[in-house]
Structures are given as structure tokens and as C-alpha cells.
Amino acid sequence: MTFQKPRQYLIHGLTLEGRTFRPSDWAERLAGAMSSFRPGGGGGIGAYIGYSPYCVPQVVDGVKCVRVNEALRDIEPMAGDFVMNFARDNQLRVSEVAGG
């Protein structure tokens, strides 16, 4: 049996037309909405404040991005779909992260 790491994606804060996506805190908002989806279900009222390891805002080459681990979909399929649909609906660039 071969273990394969879940893939990871970057949702870039640039539209397909090359414009910077607004509002400027979009990445933090999106990741914040996913913050309760954690390994072992550690969310809920007693959870510490912080981002889920499956959906983390970061800056790559000066562009705000959100790194999304496909394991988010394993925990909650609707959460995984929400994040990827957000990117599609807002025409944001998405790329797979090498080495996942």
C-alpha cells in the first residue's frame, strides 16, 4: 500500500485577467471561515483562535494567496467545495503546489 500526500493548491489574489483581487483582506477572511476545520475535529467553541492547517493565508511573490490542502474536503466536503468555488466564482488563479 502506497501512501500519497494530499495535494495542495494556491488560490492567488489575482484574477484570470491579472487584476488584484479585493478586498485586501480576502485571504484572511476566507481562511478564517475555514478555521474550525482541523485534524481530529478540534474546532468548536473551545478551539483556540487560529487558522486551520488545511486553509492558510500567505503571501507568495508579493501576492496574497490561500494555501488549501485537499484533506479539507475529506473532513467536510462542503467546506472544500466552498473554497474552490470561491476561487472559480471570483475568477481567481489557482495552481497546484509542487510537492504537495
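Before rounding to the nearest 500, sum -39500 (n - 2.57) across all DSSP H runs of length at least 4 in the chain and divide by the residue total; then give [θ] at 222 nm in deg cm²/dmol. Mind showing how you got there, number by number?
On the way: 3 runs with 26 residues, N = 100.
Calculated at 222 nm, the ellipticity per residue is -7000 deg cm²/dmol.
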Accessible surface of the chain [probe 1.4 Å, protein heavy atoms]: carbon and sulfur percent: 54
Relative contact order in percent for the chain (Cα pairs under 8 Å, 6+ apart) equals 42
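Could you state the per residue volume, in Å³, of the convex hull enclosing the Cα atoms of segment 1-40?
Details: hull volume 3.4 nm³, N = 40.
It comes to 84 Å³ per residue, whole-number rounded.
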Going by the alpha-carbon gyration tensor, a ≥ b ≥ c the square roots of its eigenvalues, is the chain rounded (a/c under 1.5) or, if a/c is not under 1.5, prolate (a/b greater than b/c) versus oblate? oblate
Solvent-accessible area per residue for the chain (1.4 angstrom probe, square angstrom): 64
So what J values fall out for segment 82-98 if you push phi through Karplus, 6.51 cos²θ - 1.76 cosθ + 1.60 with θ = phi - 60°, rounded to Hz, Gly and Pro as x? 4, 5, 6, 5, 4, 4, 5, 4, 9, 6, 8, 6, 10, 9, 7, 7, 4
How far is it, in nm, from the label point at Phe82 to the one at Val63 when both lie 7 Å from their Cα along the line to the Cβ? 2.5
Heavy-atom accessible area order for Val97, Val66, Val59, largest first, 1.4 Å probe: Val59, Val97, Val66
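The values are calculated or read from the model by the stated rules, or taken from the named source; none is laboratory data. Only a predicted model underlies this, so the values are computations on that prediction, with no experimental measurement involved. Virtual Cβ from ideal backbone geometry, glycine too; neighbours counted across all protein chains shown. All accessible areas refer to the heavy atoms of the entire protein, side chains included, with ligands and DNA or RNA removed. Shrake-Rupley method; radii C 1.70, N 1.55, O 1.52, S 1.80 Å.
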